[in-house]
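Report on one structure; see the data block that follows.
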């Protein structure tokens, strides 16, 4: 089977003040950590980077105005004889080869899978009630046992993802949502709480701490 991954790395990094995918983590650009994780997986036949990926992959596409446009641009570079396509956030540099391999294997069996983790916090749904002058009023407390935080990679049968983007009528921050809109079942599989998306300056410190913990310990 041919497996390709599209790495979304076109974000402007508004909360960081600069493109976060190029920020250094332990001396290497964040995006490089992300790409290297996928290069360790023999099942991956090709990597498409949507954004500034010169030197990291021969397949690089320009990002679009919205994430949906960016992934569509990247999908255009994936060979049509591909079997499985993974989509991953360039700002998730802590992904491991083991999770990537599991996503591929589960996609072979279920056609559409999302990596994620069960939420730890109690989740409240809020809304504004202007009649009571109560901003951020809690509408309901959601059942935590049914809630997961979606991560990436998300893996899909190539034809399914192509159909999802062909039929997309609005922008989406999550590829699986477009597949769900087709009525196709999407399976959630276990990721890792370490597989964070680096979004704020504090996340840089967390990411570097996790990367340091993974480095081989030197004998004194």
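Do we find a residue being assigned to a loop (DSSP other than H, G, I, E, B) and under 18 Å from residue 165 (Cα atoms) anywhere in region 27-42?
For region 27-42, residues assigned to a loop (DSSP other than H, G, I, E, B) and under 18 Å from residue 165 (Cα atoms): absent.
Please work out if residue 48 is under 14 Å from the mean Cα position of the chain (by Cα) and more than 23 Å from residue 201 (Cα to Cα).
yes
What's the number of the condition residue 198 fails, among (1) in contact with a strand residue (DSSP E or B) (Cβ under 7 Å, 6 or more places away or on another chain); (2) under 21 Å from residue 47 (Cβ atoms)?
Every condition holds for residue 198 apart from (1).
As an exercise: evaluate residue 167 against (1) more than 25 Å from residue 20 (Cβ to Cβ); (2) at pLDDT below 95; (3) surrounded by 14 or more Cβ atoms within 10 Å (Cβ to Cβ) and give the number of the one condition it does not meet.
(3)
Give just the number: which of (1) surrounded by fewer than 17 Cβ atoms within 10 Å (Cβ to Cβ); (2) within 17 Å of residue 151 (Cβ to Cβ) does residue 125 not satisfy?
(2)
Would you call residue 182 surrounded by 12 or more Cβ atoms within 10 Å (Cβ to Cβ) and farther than 29 Å from residue 75 by Cα?
No: the conditions fail for residue 182.
Among the listed residues 63, 58, 79, 97, which satisfies the condition of being at pLDDT 95 or above and in contact with a strand residue (DSSP E or B) (Cβ under 9 Å, 6 or more places away or on another chain)? Break it down stepwise before answering.
Details: 63 fails: at pLDDT 95 or above; 58 fails: at pLDDT 95 or above; 97 fails: in contact with a strand residue (DSSP E or B) (Cβ under 9 Å, 6 or more places away or on another chain).
Residue meeting the stated conditions: 79.
Suppose we filter 78, 114 for residues that are under 15 Å from the mean Cα position of the chain (by Cα) and closer than 19 Å to residue 43 by Cα; which single one remains?
Checking each option against the conditions leaves just 114.
Would you check which residues across region 150-161 are surrounded by fewer than 18 Cβ atoms within 10 Å (Cβ to Cβ) and either modelled with pLDDT under 95 or within 18 Å of the chain's Cα centre (by Cα) (or both) and list them?
Within region 150-161, the first condition is being surrounded by fewer than 18 Cβ atoms within 10 Å (Cβ to Cβ), and the residues that meet it are 150, 159.
Hit for region 150-161 is 150, nothing else.
Assess whether residue 81 counts as being surrounded by fewer than 18 Cβ atoms within 10 Å (Cβ to Cβ) and in contact with a helix residue (DSSP H, G or I) (Cβ under 8 Å, 6 or more places away or on another chain).
Answer is no for this residue.
So, restricting to strands (runs of 3 or more DSSP E) that lie completely within region 51-159, which ones have at least 1 residues that are touching a residue at least 40 places away in the same chain (Cβ under 8 Å)?
Of the strands (runs of 3 or more DSSP E) lying wholly inside region 51-159, those with at least 1 residues that are touching a residue at least 40 places away in the same chain (Cβ under 8 Å) span 84-89, 112-118, 148-157.
Matching residues to (1) buried (at least 18 other Cβ atoms within 10 Å of the Cβ); (2) modelled with pLDDT of 95 or more; (3) over 14 Å from residue 155 (Cβ atoms):
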{"site": "9", "(1), (2), (3)": "yes, no, yes"}
{"site": "12", "(1), (2), (3)": "no, no, yes"}
{"site": "20", "(1), (2), (3)": "yes, no, yes"}
{"site": "85", "(1), (2), (3)": "yes, yes, no"}
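When the residues of region 160-197 are filtered to those that are out of contact with any helix residue (DSSP H, G or I) (no Cβ under 8 Å at 6 or more places or on another chain), touching a residue at least 12 places away in the same chain (Cβ under 8 Å) and assigned to a helix (DSSP H, G or I), which remaining residue is farthest from residue 99 (Cα to Cα)?
Only one residue fits best here, namely 163.
The values are calculated or read from the model by the stated rules, or taken from the named source; none is laboratory data. From a predicted model like this one, the values you see are computed outputs, not experimental measurements. Cβ coordinates were reconstructed from backbone atoms using ideal geometry, including for glycine residues, and neighbour counts include every protein chain displayed.
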